[in-house]
Amino acid sequence: MSKEELDLESLEGVGTVTSQKLKDSGVRSVLDLAVRGPSEIAEVTGWDLGKATDLCNRARIKLVEIGKLEKDFVSASDLYKKRQAVERVTTGCKNLDDLLAGGIETQAITEFYGEFGSGKTQLCHTLCVMVQIPRERGGLESNAVYLDTENTFRPERIVGIAESRGLDSETTLQGITVAKAYNSAHQELIISELGEYIETNHIKLVIVDSAVAHYRAEFLGRGTLAERQQRLNRMLHLLLRTAEAHNVAIVFTNQVQSTPDVFFGDPSKPTGGHVVGHTSTYRIYLRKAGKNRIARMVDSPYHPEREVVFVLNEKGVDDPPPETVGRKK
Ligand code: GTP
Ligand code: MG
């Protein structure tokens, strides 16, 4: 896809003034325009919703014309072809790869939720390393963006994981861009600017660790619940559209909240409620089991609901050593 094709001024009716206004608002291409959607364009530019909707529609039509976006009515065979472009990143752990039917998918959002210490952040670090390795070994020879909301990114962990996997740590570090989000509005700003960064920096994996933490901290109490859900919903849909439009894998983590009204089974649920659950393409629940960790696929459109065992060690996430397999911890 050429840069001219995505130039804002290539859209009919968009002149230098309109395109400058869009650029000043952080909307740099036709793709950005379509991904952000009318209500957000209206909000960042101050235009009325009618004008924003009109522009976004024209952007969509243009993208369909150049084959960058699906038509509104699409044949199953075209959908099938698009699914063929889906790529997978290995987790570096065979059991987890099996659970995910080969690894983390592009064009999708994969959510990992679980209690503290269940391995969410370690898994995110491992993925940032694995996405860079050669394709024949399960990587995508591409780079990663780590959106850090809780200040948990540790470059020294990347060095450790890379070295214990026989990779050059300096090269690996260079393949990871860290963006720290200081509050939910900042997080949304970073996500809205991801598109261009992805295209110009050969990104195939975007991590958001944790996606929900700022929203949870900022919107306390029942009175703010509706607003929180609305903001979360918008942020997650922007992530999903980014995953689809740019063919990248998006992984986010989520904490669990204890639900004291549950007396049987596991008394923990992911935070964010239905909004989060309905946007994620895949949800995986991580929990501790002694020294091991257990991952369970929840609500996937086509994976069977099942569990696998993994461990956390110097390689990040890894398979349990052979002698402990089958033995109950
Ligand atoms: P929260 O963010 O607090 O919700 O937890 P999390 O799910 O992100 O947990 P995280 O991925 O940070 O896991 C922390 C655990 O990883 C620790 O309790 C250790 O057991 C393990 N861990 C971290 N680094 C190492 C390491 O270098 N070697 C080994 N063997 N284990 C490690
Ligand atoms: Mg963490």
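The values are calculated or read from the model by the stated rules, or taken from the named source; none is laboratory data. All of these numbers come straight from a predicted model, not from anything done at the bench. Note: ideal-geometry Cβ built from the backbone for every residue, glycine included; neighbour counts use all protein chains shown. With ligands, DNA and RNA removed, areas are computed over all heavy atoms of the protein, side chains included. Shrake-Rupley method; radii C 1.70, N 1.55, O 1.52, S 1.80 Å.
A few remarks follow.
- Taking θ as phi - 60° and the Karplus parameters 6.51, -1.76 and 1.60, the scalar couplings of the range 203-208 work out to 8, 10, 9, 10, 9, 10 Hz in sequence order, x denoting glycine and proline.
- Sequence-distant residues sharing a close amide H with Asn313 (under 5 Å, placed H): Asp318
- Amide proton proximity set for Ala108, modelled H, under 5 Å, gap of 5+: Ile250
- When a 1.4 Å probe is rolled over the protein heavy atoms, the share of accessible surface on the range 4-65 that falls to carbon and sulfur comes to 48 percent.
- Axis of helix 120-130 versus longest Cα principal axis of the chain: the two differ by about 70°, to the nearest ten degrees.
- Overall form of the range 86-318 per C-alpha gyration tensor (a/c, 1.5; a/b vs b/c): oblate
- Rounded to the nearest 500, the 222 nm mean residue ellipticity of the chain from helices alone is -12000 deg cm²/dmol, with -39,500 (n - 2.57) taken per DSSP H run of at least 4 residues.
- Between Leu33, Leu11, Leu100, the residue with the greatest mean-square fluctuation in the GNM of the chain (Cα pairs under 10 Å linked by springs) is Leu11.
- Cα gyration tensor shape of the range 133-216, rounded if a/c is under 1.5, else prolate or oblate by comparing a/b with b/c: oblate
- The 3J(HN,Hα) values that the Karplus relation (6.51, -1.76, 1.60; θ = phi - 60°) gives for the range 231-238 are, in residue order, 5, 4, 4, 5, 4, 5, 5, 5 Hz. Gly and Pro appear as x.
- Share antiparallel - DSSP beta bridges, the chain, percent rounded to 5: 40
- Average Cα contact separation per residue, the chain, under 8 Å, 6 or more apart, as relative contact order %: 20
- Restricting the range 29-121 to chymotrypsin sites (Phe, Trp or Tyr not before Pro) that sit in a DSSP loop and have at most 15 other Cβ atoms within 10 Å of their own Cβ leaves Phe73, Phe116.
- Rounded, prolate or oblate (a/c below 1.5 giving rounded, otherwise prolate when a/b exceeds b/c) for the range 186-240 by Cα gyration tensor: prolate
- The string of couplings for the range 147-160 from the Karplus curve (6.51, -1.76, 1.60, θ = phi - 60°) is 8, 9, 9, 10, 6, 10, 6, 10, x, 5, 5, 4, 4, x Hz, one whole number per residue in order, with x for Gly and Pro.
- Annotation: per residue accessible area for the range 4-65 equals 48 Å², rounded to a whole number [probe 1.4 Å, protein chains only].
- Taking Val256, Val27, Val35 as the candidate residues, the one with maximal mean-square fluctuation in a Gaussian network model of the chain, Cα springs under 10 Å, is Val256.
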